[in-house]
Amino acid sequence: MMMKGDDIFTAVDIVSAIHTDHDSITRASTDFGHIVEAIPNGVFHPTSPADIAALIWLSISQSKPFTVAPRGQGHSSSGQALASGGIVIDMRSMGRHDHGYRVNMSPNELWVDVGAEQLWIDVLHATLKHGLTPRIWTDYLRITVGGTLSNGGIGGQAFRYGPQTSNVHDLDVVTGMGKMITCSPDKHSDLFFTALGGLGQFGVMTRARIALEHAPKRVLWVRIAYSDVESFTSDQELLISKRSSGSGFDYIEGQVQLNRTLTEGRRSSSFFSASELDQLAKLALRTGSSTIYYTEGAMYYNDDNASSVNQKLQRLLDELSFAPGFTFVRDVSYVEFLDRVGREEQKLRSAGVWDVPHPWLNLFVPRSRILDFDAGVFKGILKDTKPVGLILLYPMNKDRWDDRMTTATPDDDVFYAVGLLRSAVAAGDLERLERENAAVLDFCDQESVGCKQYLPHHASQDGWRRHFGEKWDRIATLKRKYDPLAILSPGQGIFPAAA
Ligand code: FAD
């Protein structure tokens, strides 16, 4: 490596911020999935975007550049934030140094500037101090802004506002050439659109400006159960069509309870009591259904509409076709509602089943094939599977997504998020769950279901080409423009690093 003058000091500073101790390397060698292991040469602790630019510059100035993976919380499942033989950037260290808490609000203009290393739970608490809130949330909030914006960031508000990536005004990005660029739909727009959902391939996001709305104080958190998939899906699609009328839910998700989940699964959850779960099991028995579905809705309210929210909920429920009597309602604070998976995490941690392998498979399934998917997967491949986790199923409106962004979505105007969020807790679980996931993917291929993986993982570049479809050529062109040596986020396995 050739360096002159001030560059030498930069390189020395950068190298001194790379941790190579056993604990740092071990932590950065795996992720939430606990399936893939990839050992980096070091873990870089930046204090500013300029540090990240200097690290990247150091890499590309070598005759053989090293790979660089920004890591938020490392809550990916398939090694996406790992860098075998490269350098992992511990993004969280950006918030620990002199910049401290990098969340800056403009309450009048309804946006917040956040460091990409910030956890969504911290963004929530900071914005609530001003009575404001981001509009769309992932189910779990202890993940970073940069991590979710690299994928999409979906949740029960996406039917109305689109994914988190559709709610960003502008971004600061350090490219794979070490350039710091502020981009937006009007400025360096190709970088803006490609970085959002870009799986860390085009640059390291260091700041995002995120749209806000006025925060509600309280939430009616509702679950309604179904024993037949047709009523469930037609109600879900009716509910997501009510996105601007003011008469619907503010959040819509759903879950699938397979046969054995009801009889052998957990005896209570953070929502259902043991007796309510018994009721659901009886519904399955009575109707002879191997599968129970429930829609999860949330209706926000404040002091000024507290007296009318129950009537509004009743009017909405009157339009739906769930199993009579199977309505479950909780009245909780907005924070309690949004942080519900945080409470679940505490329970799973105390039971010793949080840090276990998570062979998660997330799919977007087109509306036109959801009944085929249900028959082939929930009532076919997974019919008698052992209950070890959660299955999510809820629809979103495609017109709330911006197709210029990198995330791949199906063609239909409505598609379902299907999350097979299962944990391997006992011997043999991991292999079995991986076999089942492979069978689900095979089924989708053979039946030409037209689904796309979300939080995708593909073993070959051919798989990635098919995943991105028509977007592939543009993605490859922008990769050459913004990360020509392919040093960024190698754990995604999309582009081989230049030799
Ligand atoms: P990491 O795993 O650290 O990184 C993910 C990818 O992004 C890597 O390729 C990494 O290199 C890249 N990256 C990280 N930071 C940056 C950056 N600043 N700039 C550029 N690239 C970067 N997702 C949803 O959409 N909706 C949900 O409801 C949801 N629920 C979840 C619940 C749980 C319990 C868990 C564990 C995950 C959930 N996820 C959900 C998935 C989650 O959004 C992704 O796994 C996300 O990537 C995690 O963020 P992270 O900070 O851990 O990212």
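The values are calculated or read from the model by the stated rules, or taken from the named source; none is laboratory data. Nothing here was measured: the structure is a model prediction, and the numbers come from that model. Glycine gets a Cβ as well: all are built from the backbone with ideal geometry, and neighbour counts include every protein chain shown. Note: areas computed on protein heavy atoms with side chains; ligands, DNA, RNA excluded. Shrake-Rupley method; radii C 1.70, N 1.55, O 1.52, S 1.80 Å.
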Going by the structure shown, is Leu119 assigned by TED's automatic domain parsing to the domain that holds Gly33, open to solvent by less than 30 Å² (accessible area, probe 1.4 Å) and either more than 12 Å from the ligand (Cβ to nearest atom) or hydrophobic (A, V, I, L, M, F, W, C) (or both)? no
I'm trying to understand the selection: among the residues of region 343-385, which are surrounded by 15 or more Cβ atoms within 10 Å (Cβ to Cβ) and small (Gly, Ala, Ser)? Ser368, Gly376
Would you point out which residue out of Ala459, Ala424 is touching a residue at least 24 places away in the same chain (Cβ under 8 Å), outside the structural domain of Phe192 (by TED's automatic domain parsing) and touching a helix residue (DSSP H, G or I) at 6+ places or on another chain (Cβ under 7 Å)? Ala424
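Specify the residue that is farthest from the chain's Cα centre (by Cα); the eligible residues are those in region 249-272 that are modelled with pLDDT of 95 or more and assigned to a loop (DSSP other than H, G, I, E, B). Explain how you work it out, then say what you get.
Our first condition is that a residue be modelled with pLDDT of 95 or more; within region 249-272, this holds for 249-256.
Of the ones still in play, those that are also assigned to a loop (DSSP other than H, G, I, E, B) are 249-250.
Numbers: Phe249: 21, Asp250: 19 Å.
Here the residue is Phe249.
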Scope region 39-75; condition farther than 26 Å from Arg142 by Cα, away from the ligand (no atom under 15 Å from the Cβ) and outside any helix (DSSP H, G or I); matching residues: Asn41, Ser61, Gln62, Ser63, Lys64, Pro65
Looking only at strands (runs of 3 or more DSSP E) that lie completely in region 172-229, which have at least 1 residues being touching a residue at least 12 places away in the same chain (Cβ under 8 Å), aromatic (Phe, Trp, Tyr) and more than 26 Å from Tyr416 (Cβ to Cβ)? none
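Taking the stated definitions as given, is Gly146 open to solvent by 10 Å² or more (accessible area, probe 1.4 Å) and within 13 Å of the ligand (Cβ to nearest atom)? Write out each step before concluding.
Numbers: open to solvent by 10 Å² or more (accessible area, probe 1.4 Å): yes; within 13 Å of the ligand (Cβ to nearest atom): yes.
So Gly146 passes the test.
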Tell me whether region 220-235 contains one or more residues that are aliphatic (A, V, I, L, M), open to solvent by less than 40 Å² (accessible area, probe 1.4 Å) and within 13 Å of the ligand (Cβ to nearest atom). no
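Condition (residue is at pLDDT 95 or above, near the ligand (Cβ under 9 Å from one of its atoms) and more than 25 Å from His467 (Cα to Cα)) applied to region 156-169: is it met by at least one residue? Before the answer, list the steps.
First, the residues of region 156-169 that are at pLDDT 95 or above: 156-169.
Retained after the next criterion (residues that are near the ligand (Cβ under 9 Å from one of its atoms)): 156, 158, 163-164.
With the extra rule that they be more than 25 Å from His467 (Cα to Cα), the set shrinks to none.
Within region 156-169, none of the residues are at pLDDT 95 or above, near the ligand (Cβ under 9 Å from one of its atoms) and more than 25 Å from His467 (Cα to Cα).
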With the condition kept exactly as written, say whether any residue in region 389-402 is under 19 Å from Asn167 (Cβ atoms), within 14 Å of the ligand (Cβ to nearest atom) and part of a loop (DSSP other than H, G, I, E, B). yes
Selection status of Ile136, touching a Phe, Trp or Tyr at 6+ places or on another chain (Cβ under 8 Å), more than 9 Å from the ligand (Cβ to nearest atom) and either assigned by TED's automatic domain parsing to the domain that holds Gly176 or in contact (Cβ under 8 Å) with a residue 60 or more places away in the chain (or both): yes
Residue check, Thr26 among the β-branched types (Val, Ile, Thr), surrounded by fewer than 19 Cβ atoms within 10 Å (Cβ to Cβ) and under 26 Å from the mean Cα position of the chain (by Cα): yes
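Quick one: in region 197-214, of everything that is of a type in the set (A, V, I, L, M) and more than 10 Å from the ligand (Cβ to nearest atom), which residue is surrounded by the most Cβ atoms within 10 Å (Cβ to Cβ)?
Ile210
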When you scan region 88-98, do you find a residue that is in contact (Cβ under 8 Å) with a residue 24 or more places away in the chain, near the ligand (Cβ under 9 Å from one of its atoms) and farther than 30 Å from Glu213 by Cβ, even just one? yes
May I ask you to verify whether Gly33 is at pLDDT 95 or above and in a loop (DSSP other than H, G, I, E, B)? yes
When you go through (1) within 20 Å of Ile240 (Cβ to Cβ); (2) touching a residue at least 24 places away in the same chain (Cβ under 8 Å) one by one for Lys398, which number turns out not to apply? (2)
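Among strands (runs of 3 or more DSSP E) lying entirely in region 286-367, which contain 2 or more residues that are not assigned by TED's automatic domain parsing to the domain that holds Phe249?
Values: elements: 291-301, 327-333, 361-366.
Strands (runs of 3 or more DSSP E) meeting the threshold: none at all.
Looking at region 278-300, can you tell me whether even one residue there is of a type in the set (Ser, Thr, Tyr), closer than 21 Å to Leu141 by Cβ and open to solvent by less than 50 Å² (accessible area, probe 1.4 Å)? Let's see the steps before the verdict.
So in region 278-300, the residues of a type in the set (Ser, Thr, Tyr) come out as 287, 289-291, 293-295, 300.
From what is left, the residues that are closer than 21 Å to Leu141 by Cβ are 300.
Remaining after also requiring open to solvent by less than 50 Å² (accessible area, probe 1.4 Å): 300.
Yes, the conditions are met somewhere in region 278-300.
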